[in-house]
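See below for the structure under consideration.
Every number here is computed from the coordinates shown, using simple stated rules; none is lab data. From a predicted model like this one, the values you see are computed outputs, not experimental measurements. Positions of Cβ are backbone-derived with ideal geometry, glycine not excepted, and every protein chain shown enters the neighbour counts.
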Amino acid sequence: IAVLQIVKESQQQHGLRHGDFQRYRGYCSRRLRRLRKTLNFKMGNRHKFTGKKVTEEILSDNRYLLLILMDAERAWSYAMQLKQEANTEPRKRFHLLSRLRKAVKHAEELERLCESNRVDAKTKLEAQAYMAYLTGMLRFEHQEWKAAMEAFNKCKTIYEKLANAFTEEQAVLYNQRVEEISPNIRYCAYNIGDQSAMNELMQMRLRSGGTEGLLAEKLEALITQTRAKQAATMSEVEWRGRTVPVKIDKVRIFLLGLADNEAAIVQAENEETKERLFESLLSECRDAIQAVREDLKPDQKQREHSLENDSGKVSNIQYLHSYLTYIKLSTAIKRNESMAKSLQKVLLQQQRSEEDGKRTPRPQDLIRLYDIILQNLVELTQLPGLEEDKNFQKEIGLKTLVYKAYRCFFIAQSYVLVKKWSEALVLYERVLKYAREVQSGAGAYTNSLKELPDVQDLITQVNAEKYSLQAAAILDANDTHETESPSQVKDGKPLSERFETFCLDPSLVSKQVSLVHFPPGFQPIPCKPLFFDLALNHVAFPPLEDKVEQKAKSGLTGYIKGIFGFKS
C-alpha cells in the first residue's frame, strides 16, 4: 500500500484542508467500521467484546494493513484536536500525549507486520518512515529534542530516497513531507545548542509568511524570546532628530523585529505571502501602540503640565506614540499600494479574465484603495509633535499629490467605461496638473519619493489615453447618428397601446415587462338619475277611521277569542 498517499488524500478530503481534526477522526472511525465489516473482522458482537489482532498468518489482503493505519490516524487526529483545545484547557495536554503514544503503538505494529515477505519493499520503507514521523512528534511534545531530531532525520532520509527512486510526479508527495519536517529538525537542533539553526528557522518563517502545524506556536514563542533578550540592551530610539527613551518591553521587541519584517515583505515570493506579512506587522504594531496608550493614561495631567512648560513640545511618551502611529500608517499605505499594483496588473489582462468567466477588477476598486491611502496621509499630518516640522509636512504634501493623481486617473478610467468622454478628459487634465506639481516641488525630496510610483510614467500613460479617448468619442458620436432611428426609440408606452408601431424594446424579455397600464385609469360614466315624487303632497288618501276603531275595541276578550279559535 502507498501509506503516505493514502494518508494525504484522506486528510485533504475529510477536514484537514481547513484544520478540522474532529471531522477527520470521525472519517477514520467510519472507515475502520467499513473495513471490519468487509473483511468480516469484527470485534465480537453487540453483547460481548472479543479482541482480535492482525497477524502475519491472516495477512492475505492489503486492507488488513489499512486497519492498522486507520487506527494510527484516528489516534493522531484526536491528539491534534486536543492540541488545539489545550490552548484554553491545559489539562487536555495529558490526554494529547496519551493519544500520541497510542498512535505510535499502532505505527510500530504496522511496521512489524510490513516485515513479512508478503509485503513489497516500498511499503516496508513507507511504514518505517510513518513510524519515525509519529515517534518524532511524540518526542517533540515531550521536549526530548535529541530523540525527536533522530526520528525526524530517519523519516526525512527515507522520504528523500523514495523521492529519488520514482518519477517527478510521484516524488512531489515525498518532497512535500520533507519540507514539512525540515523546520522541526532545525528547531530541535536549536534547542540542543546549534545557534545557527535560529537563522534558518527565521528564513523558513519569512519565506512562507508564517508557520503552521506542530511548530507554529513554539517558533513564535522562540522568536519573541530571542527578541526579548536583545531588547534588554535597547534603551532609546531616534526619529526625525529627536531621541526618545523606550522603557516598555513590548515596544522594544516590536522595534527590534521591524527591520526583519520589512525585509521579509520585500523578499516575499507572492502577493498572498506579502499580504499575510503585512497583516502580521500591523497586528504587532497595534499591540505596541496599545501598550504605549496605557502608559499615556495615568500621566495625562503631567503631560499637559509639560506642554505648558516646554512651550508646546510634547512629552517623550507622546512622541513615541506618534512614532509608532507613523509606522502603522506608513505600513498600511504600503500594503494598500501593493494591493493596488496587483489589481493594476490584473486590470491590464481584463480581456483574458473575461473569457475565463471570472470576476475582473474594476477601476472603482482601485479608487477605494487610493481613498484609504489619502485618508492615512491626512492622519500623518495631524500627529502630535510634527505639526511644526515643515520638511515632514512638505514631504507628506508631495505624497498626497502623487496619490491624488493616481486616484484621478482611475476615476477617469471609470468614466471611460460608461462613455462619459468629456468628464474623463477633464480628469486626465487634472492628473497632468497634479503630476507637474509633484515634479516642480520634488527637488529636495527625491530620496523620500523613491518608493512612490513614478509620476513620469503616469504622464506618458495619460497622454496616450487622451488620444485614445478623443478617437473613441468621435467614433461613438458617428455610431450614435447612424444607429439612432425612430424604430429604436422607446416612448414609454405599454405594449397594448403600440401594436401598430414596431419598436425594439429589450424590456419585453425581462422580468419587468410593460404590457398594459395597471391599475387602469379612471374613465367618466353617466350618473344614475335622481327621482323626486312631487305629486305626493297633492294625493288624498282614503279614510281609515273604521279600521282604527276596530283595533281599539279589541282587548283582552279579543285576545282570548283568538287563542281558542272563536271568530266574530
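Let's test the formula: R0 of 25 Å, r as the Cβ-Cβ distance of residue 192 and residue 235. What FRET efficiency results, to the nearest 0.05?
0.15
According to the Kirkwood expression over distinct Cα-Cα pairs, how big is the hydrodynamic radius of segment 58-200, in Å?
Kirkwood hydrodynamic radius for segment 58-200: 16.2 Å.
So what's the gap between the Cα centers of segment 30-51 and segment 366-441, to the nearest angstrom?
Using only Cα atoms, the two centres lie 72 Å from each other.
Under a 5 Å amide H to amide H cut-off, with H placed in plane at 1.01 Å, what residues pair with residue 239 once short-range neighbours are removed?
244
Tabulate in residue order the Karplus-calculated ³J(HN,Hα) for segment 519-526, using 6.51 cos²θ - 1.76 cosθ + 1.60 with θ = phi - 60°, rounded to whole Hz; enter x for Gly and Pro.
Along segment 519-526, the couplings run x, x, x, 6, 10, x, 9, x Hz.
Set the bar at 29 Å for Cα to Cα. Now go through 328/394; 8/42; 250/399; 250/297; 247/394; 328/390 and name every pair that lies beyond it.
250/399; 247/394
Take the Cα coordinates of segment 56-140, assign each an equal point scatterer, and use the Debye formula without solvent to give log10 I(q)/I(0) at q = 0.19, 0.22, 0.26 Å⁻¹.
Evaluating at q = 0.19, 0.22, 0.26 Å⁻¹ gives log10 I(q)/I(0) of -0.79, -0.96, -1.20.
Put a dot 7 Å past each Cα toward the Cβ at residue 516 and residue 348; how far apart are the dots in nm?
5.9
For residue 505 and residue 417, what does the FRET efficiency come to when R0 = 25 Å and r is the distance between their Cβ atoms, rounded to the nearest 0.05?
My answer for the efficiency is 0.50.
Convert each backbone phi in segment 365-376 into a coupling constant with the Karplus relation 6.51 cos²θ - 1.76 cosθ + 1.60 (shift: θ = phi - 60°), then list the ³J(HN,Hα) values in order as whole Hz, x for Gly and Pro.
5, 6, 4, 4, 4, 5, 4, 5, 4, 5, 5, 5
Report the FRET efficiency, 1/(1 + (r/R0)^6), for residue 95 and residue 168, where r is their Cβ-Cβ distance and R0 is 41 Å, rounded to 0.05.
Calculated value: 0.50.
What nm distance separates the two modelled labels at residue 50 and residue 249, each placed 7 Å from Cα along Cα→Cβ?
6.3
Can you tell me how much longer the chain between residue 393 and residue 433 gets when fully stretched, taken as 0.36 nm per residue apart minus their C-alpha distance, in nm with one decimal?
Working it through step by step, the gained length comes to 12.4 nm.
Each label point is 7 Å from the Cα along the Cα-to-Cβ direction; what then is the distance between the points at residue 260 and residue 374, in nm?
3.9
Working out 0.36 nm times the residue gap between residue 364 and residue 330, then minus their Cα-Cα distance, what length gain in nm do you get to one decimal?
Answer, rounded to one decimal: 10.0 nm.
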